[in-house]
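Just so it is clear, none of the values below were taken in a lab; they were calculated from the coordinates. As the structure is a computational prediction, the values presented were derived from the model and not from experiment. Cβ atoms come from the backbone with ideal geometry, glycine included; neighbour counts cover every protein chain shown.
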Amino acid sequence: MWECGKVGRLYRLFQVLCVSCGKTRCYSAGFSTAFHNTAFPRNNLKDKTKKIEPEKLADKPKYDNLSTIQVLIAIRYTLSQYYQKVKRRGEEILDVIDFFAFPFEQCCPICHAPSCARFIGCYERQVIDEKGRAFLDFPVPRFLCKGKGTFKPPHQHKTFSLLHYHIVPYWKYSIPFIIKVLNARHVEKMSLEALLDYISDFTSRDSYYVELAPSRIASFNQLIKTAIAKICANAYYPKLIAKIQTNCQAIQIKEFLLFSLDFHCDKFHYPIRGPCAVAVDYYLNGGSYFLNSDFLFGKPSQFR
């Protein structure tokens, strides 16, 4: 049913995945519910993870010392909802991220072999969501590649982690937060002083206070400039490229913000909209983890 050997054949997984039911609503990062319920029963997979004690495994040095690639995933929940479900309600993280709706069990992101990736626990990192709420122990699931496949990746990584699609690698500020700040600056035309007051106001309403220096806002601008350069280099989104044919970087950033705020990705069985949808769509256009695609925002570990 699955072809997971040669890189050249992997791209076929974007279109045709199930020969038994004929479903084709599958992309590199999402299945139709009908497919994974019939072709790969959820309960059978779930039983395998129950035998693992992720908290203990994650603490072992032999796993912590292994280099990790980062894989972008789109899930139904915001950062806050995700955190509340996993850390407050104690729900299983594989259920929350809808792990079984992704083809990791059939095709390991590192060696491309079926039934290879093993859940080994989570690591924690800081994340600030669009409302300025800080999660100091935001959980990120991590998996071990057992090296069952014949595919030899260009990197020497042995594990992979699944990043929520709102997260920028190695940044605590989330994509929605960054876009919210830059939208106020470039679209609503707030002065720098007014912008800093605006950030202090909307973040202080919650449990965490975020104060940004002007240099941090400049780094947000640079993040968008780099994203624009990636889009132009790959010739994605011609309508956007046509609008940013100018030497004025402020106009380029503004056009990107307007484009991303109105963007929607229809490559899943649930809608994804906004700037984070652009990040996911860019990742899919580059081949997702099948072809080790780069991220639109930030630089994942395998490219460092």
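What's the Cα-based Rg to Rh of region 145-304, Rh via Kirkwood?
So for region 145-304, dividing Rg by the Kirkwood Rh gives 1.00.
Which whole-number percent gives the relative contact order of region 217-304, counting Cα pairs below 8 Å spaced six or more residues apart?
Relative contact order, region 217-304: 22 percent.
Given Cα pairs under 8 Å that are at least 6 residues apart, what percent is the relative contact order of region 175-267?
Computed value for region 175-267: 27 percent relative contact order.
With all distinct Cα pairs included, what does the Kirkwood hydrodynamic radius of region 175-267 come out to in Å, to one decimal, could you say?
14.3 Å
Longer than 21 Å from Cα to Cα, which of Lys87/Lys131; Lys131/Lys172; Lys131/Lys239 are they? Say none if no pair is.
Lys131/Lys239
Arrange Tyr270, Tyr198 by Cβ neighbour counts within 10 Å, fewest through most, would you?
Ordered from fewest to most neighbouring Cβ atoms within 10 Å, Tyr270, Tyr198 come out as Tyr270, Tyr198.
Can you list the residues, at least 5 places off or on another chain, whose amide H is less than 5 Å from the amide H of Ile120, using H built in the peptide plane?
Under 5 Å from the amide H of Ile120: Arg142, Phe143, Leu144.
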